[in-house]
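The values are calculated or read from the model by the stated rules, or taken from the named source; none is laboratory data. Bear in mind the structure is a predicted one, so any value in this text is a computation, not a measurement. All Cβ positions, glycine included, derive from the backbone under ideal geometry; neighbour counts span all protein chains shown.
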Amino acid sequence: MSFPLLTATAALPALGAVATAAVPAEKRTVAKWLALLVSLGTLVLAAIVAIRFDPDGARFQLTESHAWIADFGVRYELGVDGIAVALVGLTALLIPFIIAAGWHDADPLAEKTTSRWRPTQGFFALILLVEAMVVISFLATDVFLFYIFFEAMLIPMYFLIGGFGDRAHQHGEEEAGRQRSYAAVKFLLYNLAGGLIMLAAVIGLYAVTSDQLGSGTFSLQEILQARADRDLDIATSTERWLFLGFFFAFAVKAPLWPLHTWLPNAMGESTAPIAVLITAVVDKVGTFAMLRFCLGLFPEASQWATPVILVLALISIVYGALLAVGQRDIKRLIAFASISHFGFIVMGIFAMTSQGQSGATLYMVNHGISTAALMLVIGFLISRRGSRLIADYGGVQKVAPVLAGTFLIGGLATLSLPGLAPFVSEFLVLVGTFARYPVIGIIATVGIVLAAVYVLVLYQRTMTGPVKSGLEKLPDLRVREVLVVAPLIALLIGLGVYPKPLTDIVNPAVGHTLSDVGEKDPKPEHDARGGDK
Amino acid sequence: MESLIGLLVAAPLLGAAVLLCGGRRLDRTGHWLGTGLAFLSFAFGLVLFTDMLGKDGEHRALHSHLFSWVPVGDFQADVAFQLDQLSMTFVLLITGVGSLIHLYSVGYMEHDERRRRFFGYLNLFLAAMLLLVIADNYLLLYVGWEGVGLASYLLIGFWQHKPSAATAAKKAFIVNRVGDFGLSVAIMLMFTTFGTFAFGPVLANATEAGESKLTAIGLMLLLAACGKSAQVPLQSWLGDAMEGPTPVSALIHAATMVTAGVYLIVRSGAIFNGAPDAQTAVMVVGAVTLLFGAIVGCAKDDIKKGLAGSTMSQIGYMVLAAGLGPIGYVFAIMHLVTHGFFKAGLFLGAGSVMHGMNDEVDMRKYGGLRKYMPVTFVTFGLGYLAIIGFPFLSGFYSKDHLIEAAFARGATQGWIFGSVALLGAAITAFYMTRMMLMTFFGEKRWQPDENGELPHPHESPKTMTIPMVILAAGSVAAGFIFNLGERFVHWLEPVTGYEHGHLPEPLNVPLITGSAVTAMVLGVALAWVKYGRRPVPAVAPRGNALTWAARRDLLQDDVNHVVLVRGGEHLTRSLVYLDHKVVDGVVNGTAATVGGLSGRMRRVQNGFVRSYAVSMFGGAAVLIAATLFMRAV
Amino acid sequence: MNALAAYQTSSGEAAQFWVLAIFAVAGALGTVLMRRSVHSALCLAGTMVILAVFYLANGAYFLGVVQIVVYTGAVMMLFLFVLMLVGITATDSLKETIKGQRWWAAACGIGFGILLMAGIGNAGLKDFNGLAAANKPGNVHGLAELIFTKYVFAFELTGALLITAAVAGMVLTHKEKTEKPLSQREQAANRVKEGTHVPPLPAPGVYARHNAVDIAGLLPDGSTSDLTVIKTLRDRGQIRDVSQEAVNDLAALENRTSAYQGRTTLPGQAQQDHQRAAAEGADKAETEKEVTK
Amino acid sequence: MNPVNYLFLSALLFTIGAAGVLIRRNAIVVFMCVELMLNACNLAFVTFSRMHGNLDGQIIAFFTMVVAAAEVVVGLAIIVTVYRSRHSASVDDASLMKL
């Protein structure tokens, strides 16, 4: 038994969370540095996972398997495929930035030396806890294990959304608190509802496997094997119901239209780093799970549901973009833009082509980075002015050019400018969809025009024009803030120009997923590559 | 040699990176760095060009594969370059004119505190534009395509503190995005049809795909070209784009970027050759824009907007030629190059005039400037002669060939497009003469600026006049040189095909040339009658309905505003409302219903033990009933 | 009694049953419906005695005796004791406070009763063995044999239960004082230690302005002292504050006096003086309150 | 007479006791009604004992009595304690769990 690398990757932030929470009340700075170091350590571990992962090797690597609840066939099974490696990497990468960006977000308003209340410690501990849970959700190959952490994630997220909001709010502190708790409860209820339906499906899956295999199991690998050996043949209607149960939970998390309304509230009311945590990290579990569990466990039902899901994804794309155009609140605008982007991801997954699914996986990573860059800059902006309303800004470019520049690059990444990472993934998704569903592909392409509209309108209203009163003394980005944003921008450019390392890891995994579903890429009508390649 | 291709792009890209990230330290020297790198790139271009000349016509194309960009399954996008004669032409035009305009900007932007950033953006533009023309596949071309869009966005909105500039920049980008939509779909179509989107295999096998597929691809490419080259119906951004600094208008919105659409169509010639319907669409778009731009150009009093209308119209010529098929490709490119010279020269002249006139752009407030700015007057005048097709200047050759090619199409189409081209030539002569007369002739109509100072027109500094002189020389001589022994035609033949010599029916070339010259003379005469003989009123007269409409860009902006902007606003607003009330409302409604029901149910829980006991007792009764019932059944 | 092992009981028993059953039911109804709990208890006792007779009639001699001795004798006495404690005269108001409770209770009761009886009627209890064989060595003997053999563990457990119940009864009802009550001296010492109101409370009516109990008296400095009002009113916050009225009245009176005497004090000034005094008084009163707390 | 009539009587008494629990508010009376229900059960057990011809039913009744006695001790002690603190023996007054 070799060193349990995957367990370590998930356990380190969890232990870090405990340690951070235990730091005494007055040693806030220690807690911050501790959290940052732990997140960096996790990043190192994730990097080791990525290095030790062999793209051309077995489907699941670095596996660990132990019996857990033997009576119900629940096992503690971890393993990574290329998709999981990419997403664990994304999570481990973003958390240090989130922590650094939220450095002062949880400082107590007034110094109280005697207070036993430790918001700062709690804030960073909760972030690390979320990281641990997200990582283990990506690593789990046991459905039940996955389910537990998929749901448990809600608890720290609930506190992060409800407990730590923006300092300033246009309607005053009391109203801010009310809005915040509304957003947190809404987040919790939506995701809980999805999760409970999934629980029913998880139990149903157990019933089916125990019925057909003799002993029930939740192990993804076992189920895939049994399916390949034709030992397991779920009845069509049962499979569809189970699929819907799983998909519903993931669609809430993703979020897919019309289950999206929690996201704008949650992102709007939480601080920018937490908004990034929601949309760039936690929500990715939903789309990841669609790719791993929905397609892997229920291939036939996935095919059956594809048309409806594609239409929903398409609605998300266009609807999210249109609503983003109509927003007056910067953070809500980004939230709706994210809904549009999640539409792209879901569309790529269910296009059932290698381009679509590789694109969707890249999209998850790239959307994480680009949203983080944009949202964190917006957070810095909001923390300076104390307002989230677009109308309160104007001419920032003149007083804070670096801020405006990074904002613009983040925005351009959001609108998928070629040369930046999101373009690669978005185009792959579009091509992948178009190859099989031309009409849907074309309509989805309209999304790129709408993306330009909402990003540039936002930029124009906030950054250009005459300087709005109250902004004359707006300070430009500080060193800490530049240090947060610059690597993200470098990554955006790097992955936009040379995404090959990532695609090399992801492609074989997508190949496995596609063969699970039994789909092959459509062939071009007149293959023109013959002599050329 | 192949490695030099990459350096072509790398030099200005490095400049952009250094200038934009370098910070204030580079404020004093940055502009020279940017200019130097532009010239360096031009030097690379020249080296490659001489190397290319040393080879046989068919083997001149260079290929350079840098690395695999996005490999996913069958989707193999590479970062690879292809430098053939067509690309080479563009490289020289871009780096040559680009370098001159860099030089010009050193003087023009001297007093702008953000000059360093301006040069960064200019370098970024050069890099993107070069990438566009040397890419060897459509996806990489797309990167350059959007890259120039970005640079254009940044440069139009360079004076972002002016809301009009910011709005114009945004508008340009969004309208271009509509065009990009077309390019995206075209690439996707190519991928599904051919399994690749590299120029080589796609264009070589274009004939294998059916006509309908090719038509679809062609129309999508046309949409892309319309966006980038400001062709009807996506032309509305170009006039507003004049909010940018004048060197930007000269480089991006006259000489290079806006001609990218023409490049795209000519590059994809093989596709259009197989899709006659798409070709017709291209010609229609070109012809309509040709007239549209010319009419708008006649009505504008803003010198830059007038030139913008002219640009639109001239690119209309090129698109029209590109739509004619292999016959027209060479002439489209030739007109593109000569247009690059004279239009850039004209813009630089306009910039020089504005520089001397306290940034006044209204031609009605100019007048009699020829004495005060002799160099500008001469260079502008030469550019003017070139554009109206004055015999033996560059515009004469390129436009004349273009009109011939249009007539050579034969049949009704040939006559229609030929006549449109001739009509366009007359209108061009009219509005350019009007511009010339209003600016340099007549009496002074100068107005004090907002500080109450009358302008003191003066000649611009050397950094500005030298590029103007060089460009003027180009506008005079380029056409003649290109036409010498059909040199330009033979140069491009390997790329565009050899069919230009074989006109389908014998044409009376002298007659056409004669008509073109006559049209030009008529236009000049009419303008002289209207603006030369009588003094120009300092306030624009009302004019007739057509003038009114032309001043408003033939109402296209108004239509856009009503249909797209207003409609979009209403749509988004109602969607926001719907999202809140309906989508969210359903969920909140469910929650409210459950809450309400719970409120009712809660009353049952009244806290009295006896009340609970009743329910227990009732439950027991029900259990007995159930047991009895089950036994009975 | 040996003849009881028949399908039909003897007619004597039948007569006994029908007569006593009516009384038993009446007693039960009385238990439920009597307003006074003592009457209820007596009715219940009656019913229990009748049940004892039924036990005897059914061959459960031991239980019959136990029913009378333990239940009717001990348990019902316990009830009566508690009734004495709680108040024997207490009558229940028969007015129902919970809406619909009676109707629901009646509906459920009637439904339950009918269903239960229907169940019994349906059960087809044809097998009727009688206790002749089981009671052969004597009823007590038979019971003892079962209790000390088959049910010995249950029996031991009930023993434990009874002991526990006895202990519980004592613990619940016994209220032990664990500390010696404080003497007056100690209470005074505590007051001094805690710094609360050290001197005795002001006598009622110190400088009284009014003879109503809810109006605080005036202290020598003109402010009011809430401590002069009894604690109950203070706790309820029912102190009437008429200080300002009184002060104003006083000011007006003084003004009139001055005017009558032809003194030169300006009316406004006098009023101001008084107001200042009143304000200072109020401050002092507040500090005093805090001290009291 | 059929001894089943004892069972009917038992059911009737049980129902009356239950109804009393439901409608009376004095805790002591409620308790007495509970005792009535227990006694009704005992009657049923004794009758069953006779029907089956063995003494097990009587044993159960016996145990019921013991448990009832224990219950009475504890229950009355609780009533007394509650009465001490609230000066009321009404079950409706002990409604602190009500919202």
Any residue in region D:49-57 that is within 15 Å of C:Leu44 (Cα to Cα), among the polar types (S, T, N, Q) and free of Cβ contacts under 8 Å to residues at least 12 places away in the same chain?
-> no
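Quick grid of which residues meet (1) surrounded by fewer than 24 Cβ atoms within 10 Å (Cβ to Cβ); (2) of a type in the set (Val, Ile, Thr); (3) touching a Lys or Arg at 6+ places or on another chain (Cβ under 9 Å):
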{"site": "B:Gly389", "(1), (2), (3)": "no, no, yes"}
{"site": "B:Phe392", "(1), (2), (3)": "yes, no, no"}
{"site": "B:Glu404", "(1), (2), (3)": "yes, no, no"}
{"site": "B:Ala429", "(1), (2), (3)": "no, no, no"}
{"site": "B:Glu450", "(1), (2), (3)": "yes, no, no"}
{"site": "B:His458", "(1), (2), (3)": "yes, no, no"}
{"site": "B:Gly474", "(1), (2), (3)": "no, no, no"}
{"site": "B:Gly485", "(1), (2), (3)": "yes, no, no"}
Enumerate the pairs (first residue in region A:223-243 and under 22 Å from A:Leu199 (Cα atoms); second residue anywhere and at pLDDT below 85 and not hydrophobic (A, V, I, L, M, F, W, C)) with beta-carbon separation below 6 Å, excluding pairs fewer than 6 apart on the same chain, so at least 6 apart or on different chains.
-> A:Leu232/A:Gln212
Would you check if B:Ala270 is among the hydrophobic types (A, V, I, L, M, F, W, C) and either within 22 Å of the chain's Cα centre (by Cα) or not in a helix (DSSP H, G or I) (or both)?
-> no
Among the residues of region A:397-418, is there at least one that is β-branched (Val, Ile, Thr) and touching a Pro at 6+ places or on another chain (Cβ under 9 Å)?
-> yes
Say whether the condition of being under 22 Å from the mean Cα position of the chain (by Cα), crowded, with 20+ Cβ neighbours inside 10 Å, over 20 Å from A:Ala86 (Cβ atoms) and touching a residue at least 12 places away in the same chain (Cβ under 8 Å) is met by at least one residue in region A:46-56.
-> no
Qualifying residue in region C:25-37 (condition: of a type in the set (A, V, I, L, M), part of a helix (DSSP H, G or I), more than 7 Å from chain D (Cβ to nearest Cβ) and over 22 Å from the mean Cα position of the chain (by Cα)) = yes
Answer from A:Phe159, A:Phe144 - the residue that is more than 14 Å from every other protein chain (Cβ to nearest Cβ), touching a residue at least 40 places away in the same chain (Cβ under 8 Å) and assigned to a helix (DSSP H, G or I) = A:Phe144
Among the candidates B:Leu492, B:Leu526, B:Leu511, B:Leu546, residue that is surrounded by 14 or more Cβ atoms within 10 Å (Cβ to Cβ), of a type outside the set (Asp, Glu) and either at pLDDT below 75 or more than 24 Å from B:Gly349 (Cβ to Cβ) (or both) | B:Leu492
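Residue-by-condition table, conditions (1) surrounded by fewer than 18 Cβ atoms within 10 Å (Cβ to Cβ); (2) within 30 Å of C:Leu146 (Cβ to Cβ); (3) hydrophobic (A, V, I, L, M, F, W, C):
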| position | (1), (2), (3) |
| --- | --- |
| D:Ala27 | no, no, yes |
| D:Ala40 | no, yes, yes |
| D:Asp56 | yes, yes, no |
| D:Ala68 | no, yes, yes |
Of everything in region C:116-170 that's assigned to a helix (DSSP H, G or I) and of a type in the set (Asp, Glu), which residue is farthest from C:Gly64 (Cα to Cα)?
-> C:Glu156
Mind listing whichever residues of region C:12-46 are of a type outside the set (A, V, I, L, M), within 21 Å of C:Met84 (Cβ to Cβ) and touching a helix residue (DSSP H, G or I) at 6+ places or on another chain (Cβ under 6 Å)?
-> C:Gly30, C:Thr31, C:Ser37, C:Ser40, C:Cys43, C:Gly46
Being surrounded by fewer than 24 Cβ atoms within 10 Å (Cβ to Cβ) and closer than 30 Å to A:Gly320 by Cβ is the filter here, so list the residues in region A:451-473 that pass it.
-> A:Val453, A:Val457, A:Gln460, A:Arg461, A:Gly465, A:Lys468, A:Leu471
Using beta carbons and a limit of 7 Å, which pairs, at least six apart or on different chains, have the first residue in region B:184-204 and farther than 23 Å from B:Leu62 by Cβ and the second one of a type in the set (S, T, N, Q)?
-> B:Ser184/A:Thr445; B:Val185/A:Thr445; B:Phe194/B:Asn205
From the options A:Gly394, A:Gly379, residue that is of a type outside the set (Asp, Glu), over 28 Å from A:Asp504 (Cα atoms) and in a loop (DSSP other than H, G, I, E, B) = A:Gly394
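For every residue, the table says whether it meets (1) closer than 30 Å to C:Ala132 by Cβ; (2) modelled with pLDDT of 90 or more; (3) part of a loop (DSSP other than H, G, I, E, B); (4) at the interface with another protein chain (Cβ under 7 Å from one of its Cβ atoms).
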position	(1), (2), (3), (4)
D:Thr15	no, yes, no, yes
D:Gly20	no, yes, no, yes
D:Asn39	yes, yes, no, yes
D:Met51	yes, no, no, yes
D:Ile60	yes, yes, no, no
D:Val80	no, no, no, yes
D:Leu96	no, no, yes, no
Which of the residues spanning region A:474-523 are surrounded by 15 or more Cβ atoms within 10 Å (Cβ to Cβ) and of a type in the set (Ser, Thr, Tyr)?
-> A:Tyr498, A:Thr503, A:Thr513
Some residue of region A:501-519 being part of a loop (DSSP other than H, G, I, E, B) and either more than 11 Å from chain B (Cβ to nearest Cβ) or farther than 30 Å from B:Ala198 by Cα (or both) | yes
Out of B:Val587, B:Val539, B:Val614, report the one residue that is touching a residue at least 40 places away in the same chain (Cβ under 8 Å) and among the β-branched types (Val, Ile, Thr).
-> B:Val539
From the option list B:Ala308, B:Ala275, B:Ala287, single residue qualifying as crowded, with 24+ Cβ neighbours inside 10 Å, outside the structural domain of B:Lys399 (by the TED database) and touching a residue at least 60 places away in the same chain (Cβ under 8 Å) is B:Ala275
Going by the structure shown, is D:Val34 part of a helix (DSSP H, G or I) and at the interface with another protein chain (Cβ under 7 Å from one of its Cβ atoms)?
-> no
Tell me, please, whether a residue that is more than 17 Å from A:Leu362 (Cα to Cα), at the interface with chain B (Cβ under 9 Å from one of its Cβ atoms) and either modelled with pLDDT of 90 or more or crowded, with 24+ Cβ neighbours inside 10 Å (or both) can be found in region A:425-434.
-> yes
From A:Phe149, A:Phe187, which residue is at pLDDT 90 or above and more than 19 Å from A:Ala335 (Cβ to Cβ)?
-> A:Phe149
Criterion violated by B:Val524 - all others in (1) more than 25 Å from the chain's Cα centre (by Cα); (2) within 24 Å of B:Ile265 (Cβ to Cβ) satisfied | (2)
Could you check, for region B:229-249, whether at least one of its residues is facing another protein chain (nearest Cβ under 10 Å), among the acidic types (Asp, Glu) and touching a residue at least 12 places away in the same chain (Cβ under 8 Å)?
-> no
Would a scan of region B:552-559 turn up a residue that is within 30 Å of A:Tyr182 (Cβ to Cβ), out of contact with any Phe, Trp or Tyr (no Cβ under 9 Å at 6 or more places or on another chain) and surrounded by 12 or more Cβ atoms within 10 Å (Cβ to Cβ)?
-> no
